[in-house]
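K.L.:
Below is one structure. I have some questions about it.
The values are calculated or read from the model by the stated rules, or taken from the named source; none is laboratory data. Keep in mind the model is a prediction, meaning the values are calculated, not measured. As a convention, Cβ positions derive from the backbone with ideal geometry for all residues, glycine included, and neighbour counts pool all protein chains shown. In case anyone asks, the SASA skips ligands and DNA or RNA and just uses the protein heavy atoms, side chains included. Shrake-Rupley method; radii C 1.70, N 1.55, O 1.52, S 1.80 Å.
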Amino acid sequence: MAAAPVAAGSGAGRGRRSAATVAAWGGWGGRPRPGNILLQLRQGQLTGRGLVRAVQFTETFLTERDKQSKWSGIPQLLLKLHTTSHLHSDFVECQNILKEISPLLSMEAMAFVTEERKLTQETTYPNTYIFDLFGGVDLLVEILMRPTISIRGQKLKISDEMSKDCLSILYNTCVCTEGVTKRLAEKNDFVIFLFTLMTKMDTGNDDKHTLLAKNAQQKKSLSLGPSAAEINQAALLSIPGFVERLCKLATRKVSESTGTASFLQELEEWYTWLDNALVLDALMRVANEESEHNQASIVFPPPGASEENGLPHTSARTQLPQSMKIMHEIMYKLEVLYVLCVLLMGRQRNQVHRMIAEFKLIPGLNNLFDKLIWRKHSASALVLHGHNQNCDCSPDITLKIQFLRLLQSFSDHHENKYLLLNNQELNELSAISLKANIPEVEAVLNTDRSLVCDGKRGLLTRLLQVMKKEPAESSFRFWQARAVESFLRGTTSYADQMFLLKRGLLEHILYCIVDSECKSRDVLQSYFDLLGELMKFNVDAFKRFNKYINTDAKFQVFLKQINSSLVDSNMLVRCVTLSLDRFENQVDMKVAEVLSECRLLAYISQVPTQMSFLFRLINIIHVQTLTQENVSCLNTSLVILMLARRKERLPLYLRLLQRMEHSKKYPGFLLNNFHNLLRFWQQHYLHKDKDSTCLENSSCISFSYWKETVSILLNPDRQSPSALVSYIEEPYMDIDRDFTEE
C-alpha cells in the first residue's frame, strides 16, 4: 500500500517512508518509540533483513531522532558519506566527512583503553556502537575496496590518506564494539585486501637521502618559510596540557589502566594464547558466547537496561579481551613515545625538553622499565608461533626499540641527559671529578634533583645492565649502543666516561667486537662509535683496552673488524687519532706508560697507517654519494690532515697521497675527488643555518681551524706546498666539476 505524505509540521520531512521506517515510528503520525530503531537495526544486522543502514532513513528523520537520542550526528554523516562515495565520485567531500567522523570515534577508543570514563558507562560506547549499527563499518569496507573494482578496464583509486582515515575509524570501532572484529574477519576478500595495503611504501631512490638533495631542499624551504611539520609541531606544543598528557600516558602503570593487579600474568597468558595451536577454537567459543549473549540482551533487555539508547548491556569482559586491552595500552604507549621522539628532534627541542623534564617523563619510564619496557618473560613468550628471536614484529619488541630511540633523542647533546641518573649516581659523578682534581660538569651542578630518577638505579644504569645480558644475535644491540652513545656525545666528560667504565661497558663492547666476532654492520658501527666516545682523551680507558686486548691474536681480530668497513669504524679511528695527539703533548708518567704499552696507540701513530686510512677514507666517498652516515669519513680525513698541519707535516701527507695515487695507476683521481669534497664541505658547513658546535665538541678543535685548513687545501695557487692543486698534474686536473643538485 502506498504511503501518504507526512504532514508538514511533523518534523520528519517530506516524501515517502519505507515500511521499516514507519514501523520504527510506531505507525503514521505517531512519535518515535524509544530504543525501537536501534533494536531493529541490531536485529537487521543479525538477520540481514529490515533496517541495516542509515541510507534507509531520510536526513530530516535522523536529525529529529538525534535530538532525543544524542547520536552526535553520526547517522546523518553516514548518510552523506554514502551519497558522496559513489563509483564516479572524486572522493573529496567523502574524505571531509571521514575527517568529521574520525575524532568522534578516536576519543572513545582512547577512553576505552585508558579507562577514563564513568563506571556507569563501563560497557557503553555510543558513538562507535551507533556508527556500526547504522552500517558505518560495511560502508567503509566498500569504500576501501573500491580499488579492486574495474570500470571499463580501469581500476578506481583512492588516496593513501583516505585509506588511512578509513582504517583508523575501523580500528577504533573494533576496539570499542564487540563483534565487529569477528564480522570483518569473516570477510575473506577484505582480509586479503588488507595485506595488499602493507606494500604501500616509499620506493624512491636513495638520491633524496644524500646531503646534496637535503641542502637543495633546505634552500627551497628557506624561501617557502616553515614546513608543514614545523607548523604542526608548534601548534601542538601551544595546546595547554598536550605534552603533560603525553607524559602521563607514557608513564602510567598498566595496572592502573586495566584495573587489575595481575597484569604480568595476563600478558604472559596473552602471548601463550597467540602461540597456542588451540587459540582459534577458543576464540570461536568466546565469539559464539558473546554473540548468543548479545542477541539475548537485545530481544530481552535485562532489568534496568536503558531503552533510550537501545544499547545492549554486557557483563564483565572475559579474560582474553582484558589481555587484549592491555596490548592496546602498549600500542598507545608506542604511539606516544613516537610523538615525543619526533617533538624532541624538532625546532622546538629545548621547549620540549623543559616540558618533559617538568612532567617527569624520565623517572616515570624508569619505574616502568622492569615491569613493562624490559620485563622478564618466559621462554615461551619470547617469540610468537612461526617466528624467530630476530623478529621485530611484536608490540613488545617494538616498544623496546621506540623506548631506546626516545632515550637517544633525549640525551643527544643536551644537559638534561643527567635526568637519566638518580641522586646517588649524580653524587658519584661529583666524586669522580673530585678525585681526578677536575671541575665538576656544570650541567651536573645545574640538574634539578627533584626531577631525576628515583629508586636504586637510574634509567641509564638499568639500560647498561640489560645491554650486557643481550644475546649476540639480538636486534636490540644497535639501539642500546646508540642510546648510551648519545649520553656521551658533545663536549667530552671524563666523569661521564668513568661512570660507564666502572660498570664494565668497555669490556662488554670489546667482547662483542672481538670475542663474539659480531657480523652485523649496523651493530658494529654503533659499537665502534660508542667505543670512540668512551675512550676519547681518556688514559684510563686506553689502559683498560690494553688489558683486555692482551694478545697479538686478539689485536689482529680487532684490526680486522676496523678495516672491514671504514664507514663503520672511522669515528673510532678519529677518536684514537685525536687522543694520540693530545697524549703526545702531555708530560705525565701515567700517559707515558700508556703510550709505550698500548697496541692501538702504537698502531695509529705510524705514518703508513695514517696514510692508509686517509687514502681509503677519501676514496670511498664522493660528493654525489655523501649522506649523513658517511660524511663522517670526510671529517675524519680532515682531522688527520689538521693534526698534520699542526706539526707542519701537511705537505708531506699530500705528497704521500700523490705517490699512492700513482702506485694505484690512477693519477689525479683521489686528489680531484678530495678537492670536490672540500668544496662541498664549504657549501655544507659554512651555511648560516649549520651548527658547527658538533664538529668543535667532537674534536676539541676550533671551527675556525677547520675552516682555515680547508681554505689552505683549496688554495688555487699551484706554488703553495699545502694546496691540493700543487699535487695534481695538469693533464689530470679536474677540479671545477659542477656537483650542484639539479
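K.L.:
Answer yes or no: is there a residue in region 706-723 that is touching a His at 6+ places or on another chain (Cβ under 6 Å), part of a helix (DSSP H, G or I) and at pLDDT 95 or above.
P.N.:
no
K.L.:
So for region 520-531 (the condition being in contact with a Lys or Arg (Cβ under 7 Å, 6 or more places away or on another chain), of a type in the set (Gly, Ala, Ser) and within 19 Å of ARG482 (Cβ to Cβ)), does at least one residue qualify?
P.N.:
yes
K.L.:
Something else about it: Scan region 477-519 for residues that are open to solvent by 20 Å² or more (accessible area, probe 1.4 Å) and among the acidic types (Asp, Glu) and jot them down.
P.N.:
GLU507, ASP515, GLU517 - these are the residues of region 477-519 that are open to solvent by 20 Å² or more (accessible area, probe 1.4 Å) and among the acidic types (Asp, Glu).
K.L.:
Moving on to the next point. Residue by residue through region 189-233, note down the ones that are assigned to a loop (DSSP other than H, G, I, E, B) and at pLDDT 70 or above.
P.N.:
Of everything in region 189-233, those that are assigned to a loop (DSSP other than H, G, I, E, B) and at pLDDT 70 or above turn out to be LYS200, GLY225, PRO226, SER227.
K.L.:
What do you reckon, is SER663 open to solvent by 10 Å² or more (accessible area, probe 1.4 Å) and under 29 Å from ARG489 (Cβ atoms)?
P.N.:
In short, no.
K.L.:
I would also like to ask the following. Answer yes if at least one residue in region 355-364 is out of contact with any Lys or Arg (no Cβ under 7 Å at 6 or more places or on another chain), at pLDDT below 90 and not hydrophobic (A, V, I, L, M, F, W, C), and no otherwise.
P.N.:
no
K.L.:
Considering each residue of region 90-104, count those that are open to solvent by 20 Å² or more (accessible area, probe 1.4 Å) and at pLDDT 70 or above, and give that number. Before you say what the answer is, go through the steps one by one.
P.N.:
Start the filter on region 90-104 by keeping residues that are open to solvent by 20 Å² or more (accessible area, probe 1.4 Å), which leaves 90, 92-93, 95-96, 99-100, 102-104.
Remaining after also requiring at pLDDT 70 or above: 92-93, 95-96, 99-100, 102-104.
Selection size over region 90-104: 9.
K.L.:
Sticking with this structure for a sec: So MET162 passes all but one of these: (1) under 30 Å from THR63 (Cα atoms); (2) out of contact with any Phe, Trp or Tyr (no Cβ under 8 Å at 6 or more places or on another chain); (3) at pLDDT 85 or above. Which condition number does it fail?
P.N.:
Against the list (1) under 30 Å from THR63 (Cα atoms); (2) out of contact with any Phe, Trp or Tyr (no Cβ under 8 Å at 6 or more places or on another chain); (3) at pLDDT 85 or above, MET162 comes up short only on (2).
K.L.:
Can you run down the residue pairs with Cβ atoms below 7 Å, 6 or more apart or on separate chains, where the first is in region 341-360 and farther than 14 Å from GLU415 by Cα and the partner is of a type in the set (Lys, Arg)?
P.N.:
CYS341/ARG405
K.L.:
Only one of LEU334, LEU343 is under 18 Å from the mean Cα position of the chain (by Cα), in a helix (DSSP H, G or I), surrounded by fewer than 20 Cβ atoms within 10 Å (Cβ to Cβ) and among the hydrophobic types (A, V, I, L, M, F, W, C). Can you tell me which?
P.N.:
Details: LEU343 fails: surrounded by fewer than 20 Cβ atoms within 10 Å (Cβ to Cβ).
Unique residue meeting the criteria: LEU334.
K.L.:
Of all residues being part of a loop (DSSP other than H, G, I, E, B) and over 29 Å from the mean Cα position of the chain (by Cα) in region 614-653, which is surrounded by the fewest Cβ atoms within 10 Å (Cβ to Cβ)? Just the residue, please.
P.N.:
GLU648
K.L.:
Could I ask something else about it? Give region 542-575 a look and list any residue that's over 28 Å from SER493 (Cβ atoms), among the basic types (Lys, Arg) and open to solvent by 60 Å² or more (accessible area, probe 1.4 Å), or say none.
P.N.:
Within region 542-575, just LYS560 meets the criteria.
K.L.:
Another question about this same structure. Looking only at region 433-458, which residues are in contact with a strand residue (DSSP E or B) (Cβ under 9 Å, 6 or more places away or on another chain) and hydrophobic (A, V, I, L, M, F, W, C)?
P.N.:
VAL452, CYS453
K.L.:
Right, here's the next one. Residues in region 580-612 that are in a helix (DSSP H, G or I), within 19 Å of LEU566 (Cβ to Cβ) and open to solvent by 80 Å² or more (accessible area, probe 1.4 Å): how many?
P.N.:
Count: 1.
K.L.:
If you scan region 439-476, which residues turn out to be hydroxyl-bearing (Ser, Thr, Tyr) and either over 19 Å from ASP396 (Cβ atoms) or open to solvent by 30 Å² or more (accessible area, probe 1.4 Å) (or both)?
P.N.:
Correct list: THR447, SER450, THR461, SER475.
K.L.:
Next question. Give the residues of region 605-624 that are under 17 Å from ASN635 (Cα atoms) and among the β-branched types (Val, Ile, Thr), sorted by residue number.
P.N.:
ILE618, ILE620, ILE621, VAL623, listed by residue number.
K.L.:
If you check LEU671, LEU654, LEU713, which single one turns out to be touching a residue at least 12 places away in the same chain (Cβ under 8 Å) and either under 30 Å from SER486 (Cβ atoms) or touching an Asp or Glu at 6+ places or on another chain (Cβ under 9 Å) (or both)?
P.N.:
None of the other options fit; the residue is LEU671.
Residues checked against (1) more than 27 Å from ARG405 (Cβ to Cβ); (2) polar (S, T, N, Q); (3) touching a helix residue (DSSP H, G or I) at 6+ places or on another chain (Cβ under 9 Å); (4) modelled with pLDDT of 95 or more:
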| residue | (1), (2), (3), (4) |
| --- | --- |
| LEU420 | no, no, yes, yes |
| GLU425 | no, no, yes, yes |
| LEU429 | no, no, yes, yes |
| ILE432 | yes, no, yes, yes |
| GLU442 | yes, no, yes, no |
| LEU451 | no, no, yes, yes |
| GLY458 | no, no, yes, yes |
| LEU463 | no, no, yes, yes |
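K.L.:
Of the numbered conditions (1) open to solvent by 30 Å² or more (accessible area, probe 1.4 Å); (2) at pLDDT below 95, PHE680 satisfies every one except a single condition; which is it?
P.N.:
Result: PHE680 passes all but (1).
K.L.:
Tell me the residue from ILE401, ILE397 that is in contact with a Cys (Cβ under 8 Å, 6 or more places away or on another chain), modelled with pLDDT of 80 or more and among the β-branched types (Val, Ile, Thr), please.
P.N.:
ILE397
K.L.:
Quick one: which residue in GLN606, GLN628, GLN610 is of a type outside the set (Phe, Trp, Tyr), at pLDDT 95 or above and in contact with a helix residue (DSSP H, G or I) (Cβ under 8 Å, 6 or more places away or on another chain)? Break it down stepwise before answering.
P.N.:
Numbers: GLN606 fails: in contact with a helix residue (DSSP H, G or I) (Cβ under 8 Å, 6 or more places away or on another chain); GLN628 fails: at pLDDT 95 or above.
Going through GLN606, GLN628, GLN610 in turn, just one is of a type outside the set (Phe, Trp, Tyr), at pLDDT 95 or above and in contact with a helix residue (DSSP H, G or I) (Cβ under 8 Å, 6 or more places away or on another chain): GLN610.
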